[in-house]
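As structure tokens, the structure follows; a few thoughts come after it.
The values are calculated or read from the model by the stated rules, or taken from the named source; none is laboratory data. It should be emphasised that the depicted structure is a prediction, and the values quoted were computed from it without experimental measurement. Here the Cβ is made from the backbone with ideal geometry for all residues, glycine too, and neighbour counts use every protein chain on show. Surface accessibility is based on the protein's heavy atoms, side chains included, excluding ligands, DNA and RNA. Shrake-Rupley method; radii C 1.70, N 1.55, O 1.52, S 1.80 Å.
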Amino acid sequence: MRKFRDLLLELLVGIPLFILIVPIIIIFLLFAYFQRKKFKKRYAGFLKANNGKNFFCYNNRRNSKKYIEENILPSLDNRIEIIYLNGRIIKSEYEAEFVSAALYGLNHYNKFPHLMKIRDGELIDKSVNNPFYGVLNMNKSKKELLNKINMFFELDVIKVLPSKT
């Protein structure tokens, strides 16, 4: 008898509560849908407004940050914008919500550093993690890395001259 009473009480409370919660969930889902649709439109405007831009993205990883700032950034073409991620904080001259959306939407993400370019309203990306760590850890040519970066951005390539020994 007690189980029946508990079940009846749960039904009497649960059904009205369910009836009240479902419309609230539907309203929330509709609101989220329209907010996302509005953001996508603004993001498309951001891509269109920044067509032709090039971005070099790096983060605060201890063993690479200093090397990038001292050796790579000064060597980059001045047509390449810098995006720095200090943890989850984006440091850039562009709106953080758009940069964040671009970073979350990377197709070829394989850790940082990473390259992004905007062409014809579309974001194209490439990781340079492996070539960068080849330069950092295995003393490979920095010019070859810079050439890969410039080739991705369709900029002039630096000629690698044979070393004189």
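A few notes on this one:
- Qualifying residue in the range 101-119 (condition: in a strand (DSSP E or B), surrounded by 13 or more Cβ atoms within 10 Å (Cβ to Cβ) and of a type in the set (K, R)): yes
- Among the residues here, N63 does not qualify as surrounded by 12 or more Cβ atoms within 10 Å (Cβ to Cβ) and either touching a helix residue (DSSP H, G or I) at 6+ places or on another chain (Cβ under 6 Å) or in contact (Cβ under 8 Å) with a residue 24 or more places away in the chain (or both).
- Extreme residue, farthest from G45 (Cα to Cα), among residues of the range 120-136 that are among the charged types (D, E, K, R) and either part of a helix (DSSP H, G or I) or without any contact (Cβ under 8 Å) to a residue 60 or more places away in the chain (or both): K126
- Taking the criterion of being of a type in the set (V, I, T) and either more than 11 Å from F55 (Cβ to Cβ) or open to solvent by less than 40 Å² (accessible area, probe 1.4 Å) (or both), the residues of the range 79-89 that qualify are I80, I83, I89.
- Residue list for the range 1-43, filter: over 30 Å from Y104 (Cα atoms), among the β-branched types (V, I, T) and open to solvent by less than 100 Å² (accessible area, probe 1.4 Å): V13, I15, I21, V22
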